[in-house]
Amino acid sequence: MPSVSINEKPNKYQVSSDETIFEGLLKNDYELPHGCLSGGCGACRIEILSGQENLIEPVGAEEMTLVPLKDNMARIYGDEVKNKTYRLACQAKIKSGEVRIKEV
């Protein structure tokens with residue numbers, strides 16, 4: 001079963017491949033910051049620290065939100081942001097394996 005670990009915490013949270021990272025963590029009593037939960041606001045953005053290959057590709061609202069979000073973050077925080085992988089927890093799903101994330 002897919003799992004998520006957060007930051008450097010030792011806990012691994014089991015999630016189903018048919019639910020988003022946000023839903024899976026919430027089911028395990030871990031609530032990430034969020035806004036609209038439909039992929040439009042970017043409030044639930046997370047940085048993928050490892051396991052990016054285990055995620056489905058971003059599409060639709062998530063893809064459209066991530067591009068300007070990452071550009072804006074690069075403008076504010078500098079070019080090092082360009083080398084990081086961000087996803088929206090309300091949209092990202094894990095195909096299999098483990099994904100380690102950081103709250104942003």
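The values are calculated or read from the model by the stated rules, or taken from the named source; none is laboratory data. Small disclaimer: the values here were computed from a predicted structure and weren't measured. Cβ: placed from backbone, ideal geometry, glycine included. Neighbour counts: every protein chain shown. For accessibility, only protein heavy atoms count, side chains too; no ligands or nucleic acids. Shrake-Rupley method; radii C 1.70, N 1.55, O 1.52, S 1.80 Å.
Numbers for the structure displayed
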read-out: Residue in the range 64-97 that is nearest to residue 52 (Cα to Cα), counting only those that are part of a strand (DSSP E or B) and hydrophobic (A, V, I, L, M, F, W, C); value: 94
read-out: Qualifying position, being small (Gly, Ala, Ser) and in contact with a Gly (Cβ under 6 Å, 6 or more places away or on another chain), among 89, 74, 61; value: 61
read-out: Residues of the range 62-104 that turn out to be of a type in the set (A, V, I, L, M, F, W, C), farther than 12 Å from residue 46 by Cα, open to solvent by less than 70 Å² (accessible area, probe 1.4 Å) and modelled with pLDDT under 95, as a count; value: 3
read-out: Close pairs from the range 17-41: first free of Cβ contacts under 8 Å to residues at least 60 places away in the same chain and farther than 15 Å from residue 94 by Cα, partner exposed (fewer than 13 other Cβ atoms within 10 Å of the Cβ) and of a type outside the set (Asp, Glu), Cβ under 8 Å, at least 6 apart; value: 28/14; 39/60; 41/35
read-out: Residue count, the range 42-61 (criterion: of a type in the set (Gly, Ala, Ser), open to solvent by less than 20 Å² (accessible area, probe 1.4 Å) and touching a Pro at 6+ places or on another chain (Cβ under 7 Å)); value: 0
read-out: Some residue of the range 28-41 being crowded, with 16+ Cβ neighbours inside 10 Å and in contact with a His (Cβ under 8 Å, 6 or more places away or on another chain); value: no
read-out: Qualifying position, being touching an Asp or Glu at 6+ places or on another chain (Cβ under 6 Å) and over 19 Å from residue 8 (Cα atoms), among 39, 35; value: 39
